[in-house]
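The values are calculated or read from the model by the stated rules, or taken from the named source; none is laboratory data. Note that the structure is predicted; figures quoted are calculated from it, not measured. Glycine gets a Cβ as well: all are built from the backbone with ideal geometry, and neighbour counts include every protein chain shown. To get the accessible areas, we keep the full protein, side chains included, count just its heavy atoms, and leave off ligands, DNA and RNA. Shrake-Rupley method; radii C 1.70, N 1.55, O 1.52, S 1.80 Å.
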Amino acid sequence: MSPLDLVVLLGGVAAILWVNWYFFRAGRSPVQAGVGAGGVQEVEIVVQGGYEPSQVRVRRGIPVRLVFDRRETSGCSEEIVLPAFGIRKFLPAHSRTAVEFTPESAGEFDFTCGMSMLRGRLTVADGEAP
């Protein structure tokens, strides 16, 4: 292996690590769902090339309303899927769509687009705010 091969190899590894960090970790801080009227935990999630916020914290046993504000026409983001809750819903472009459910068990659950390319995470905790 020549020095140039080694530089190219290390550059490729660094690029892979950066892409994984950027898409799965960078700048994401969980948002705690606020409890609104009627005791429903609610968070608005902007859908535009991803989900913002992409990490949401809620409490177990309290109804949750996730309002997806889709601000694009990309085919990838036209569906939201929460497999742990049996939810798959169409998100019309430039519209807000509410998804409601009550998490009955604690844990971490992914939500994705219909193609599983856009990802978010729902953390369900017991008791008070997680």
Could you list, in sequence order, the residues of segment 51-73 that are touching a helix residue (DSSP H, G or I) at 6+ places or on another chain (Cβ under 8 Å) and in a loop (DSSP other than H, G, I, E, B)?
-> I62, P63
Go through segment 116-130 and give me each residue that's assigned to a strand (DSSP E or B) and surrounded by fewer than 16 Cβ atoms within 10 Å (Cβ to Cβ).
-> R119
Can you spot a residue in segment 9-18 that is within 21 Å of C113 (Cβ to Cβ) and either more than 18 Å from the chain's Cα centre (by Cα) or open to solvent by 80 Å² or more (accessible area, probe 1.4 Å) (or both)?
-> no
Quickly run through segment 56-74 and pick out the residues that are open to solvent by 40 Å² or more (accessible area, probe 1.4 Å) and under 16 Å from C113 (Cβ atoms).
-> R71, T73, S74
Can you name the residue in segment 83-115 that is open to solvent by 60 Å² or more (accessible area, probe 1.4 Å) and outside any strand (DSSP E or B) and, of all such residues, is farthest from G34 (Cα to Cα)?
-> M115
Only one of these conditions is not met by S116: (1) hydroxyl-bearing (S, T, Y); (2) within 17 Å of E42 (Cα to Cα); (3) out of contact with any Gly (no Cβ under 9 Å at 6 or more places or on another chain). Which number is it?
-> (2)
Near pairs, Cβ below 9 angstrom, 6+ apart or cross-chain, from segment 90-107 (within 21 Å of D69 (Cβ to Cβ) and in contact (Cβ under 8 Å) with a residue 40 or more places away in the chain) to any residue that is open to solvent by less than 40 Å² (accessible area, probe 1.4 Å) and assigned to a loop (DSSP other than H, G, I, E, B) = E100/V40
Looking at this structure, is V81 touching a Cys at 6+ places or on another chain (Cβ under 9 Å) and hydrophobic (A, V, I, L, M, F, W, C)?
-> yes
